[in-house]
Amino acid sequence: MRHISILGNRWIKRTATGAILAGLLAGCSPTLSNHGNIPVQELIESIRIGSSNREQIAAMLGNPSAVATFDKETWYYVGMRTGRVAFLDPEILERKILVVRFDKQGVVQQVEHLDKQDGRDVQIVDRKTPTRGKELTILKQLLGNVGKFAGPEVDDGSTGL
């Protein structure tokens with residue numbers, strides 16, 4: 001009888017260990033996410049340079065992700081796929097950008113494809129803009145308004161009629 005209980009305990013320990021390992025591995029599998037607008041290749045191929053216009057592009061691809069700031073004739077469709085493992089920062093697996101340029105009449109002049117390799121790192125400047133003004137200490141803030149406000153007994157010149 002004792003031999004059976006020892007084998008039973010080993011089986012329980014092995015099963016529990018296997019379940020814990022499976023849970024840990026499942027928690028470390030990447031979570032994939034899609035962001036933005038990645039147009040289907042058949043729709044992109046149906047764009048006709050020189051004849052397709054803004055309304056047709058908006059009907060086919062939807063509203064653009066962004067419009068150029070200084071040149072309203074350029075539309076950007078941006079989409080990316082990211083993968084995240086557990087609590088780590090997400091990693092960009094794929095990025096696709098479709099750039100559609102129009103002329104002044106709204107007719108497509110150029111279609112350009114960009115991807116992750118076309119991107120550039122941007123250096124963030126970590127500075128603070130100084131503000132003009134008076135720096136007040138806590139004591140100046142607490143005592144600064146003493147004597148600035150008149151009480152109700154002050155004659156303001158009105159007759160009260």
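The values are calculated or read from the model by the stated rules, or taken from the named source; none is laboratory data. Please read all numbers here as calculations on a predicted model, not as lab measurements. Neighbour counts run over all protein chains shown; Cβ positions are idealised from the backbone, glycine included.
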**Item:** Residue that is over 14 Å from Asn34 (Cβ atoms) and touching a Gly at 6+ places or on another chain (Cβ under 8 Å), where the choices are Gln117, Gln105, Gln123, Gln109
**Value:** Gln109
**Item:** Selection within the stretch 21-44 - surrounded by 10 or more Cβ atoms within 10 Å (Cβ to Cβ) and modelled with pLDDT of 75 or more
**Value:** Thr31, Leu32, Ser33, Asn34, His35, Gly36, Asn37, Ile38, Pro39, Val40, Leu43, Ile44
**Prompt:** Applying the selection to the stretch 89-112, what residues are exposed (fewer than 13 other Cβ atoms within 10 Å of the Cβ) and outside any strand (DSSP E or B)?
**Reply:** Asp89, Asp103, Lys104, Gln105
**Item:** Residue count, the stretch 72-88 (criterion: within 24 Å of Val111 (Cα to Cα), among the charged types (D, E, K, R) and part of a strand (DSSP E or B))
**Value:** 1
**Prompt:** From the set of residues in the stretch 47-71 that are surrounded by fewer than 12 Cβ atoms within 10 Å (Cβ to Cβ) and assigned to a loop (DSSP other than H, G, I, E, B), which is modelled with the lowest pLDDT?
**Reply:** Asp71
**Request:** Output the number of residues of the stretch 85-102 satisfying the condition of being more than 16 Å from Leu32 (Cα to Cα) and in contact with a Lys or Arg (Cβ under 7 Å, 6 or more places away or on another chain).
**Result:** 1
**Prompt:** Can you pull out the residues in the stretch 65-120 that are closer than 21 Å to Ser52 by Cα and either in contact with a Ser or Thr (Cβ under 8 Å, 6 or more places away or on another chain) or of a type in the set (Phe, Trp, Tyr) (or both)?
**Reply:** Val67, Ala68, Trp75, Tyr76, Tyr77, Val78, Val99, Val100, Arg101, Phe102, Val107, Val108
**Residue match in the stretch 72-84 (condition: surrounded by 16 or more Cβ atoms within 10 Å (Cβ to Cβ), of a type in the set (S, T, N, Q) and more than 27 Å from Leu32 (Cα to Cα))** = yes
**Request:** Could you please find all residues in the stretch 26-81 being among the hydroxyl-bearing types (Ser, Thr, Tyr) and under 25 Å from Gly119 (Cα atoms)?
**Result:** Thr31, Ser33, Ser65, Thr69, Thr74, Tyr76, Tyr77
**Message:** When the residues of the stretch 132-147 are narrowed to those that are aliphatic (A, V, I, L, M) and part of a loop (DSSP other than H, G, I, E, B), which ends up surrounded by the fewest Cβ atoms within 10 Å (Cβ to Cβ)?
**Reply:** Val146
**Request:** Take Gln117 and decide whether it is over 20 Å from the mean Cα position of the chain (by Cα) and under 30 Å from Leu93 (Cβ atoms).
**Result:** no
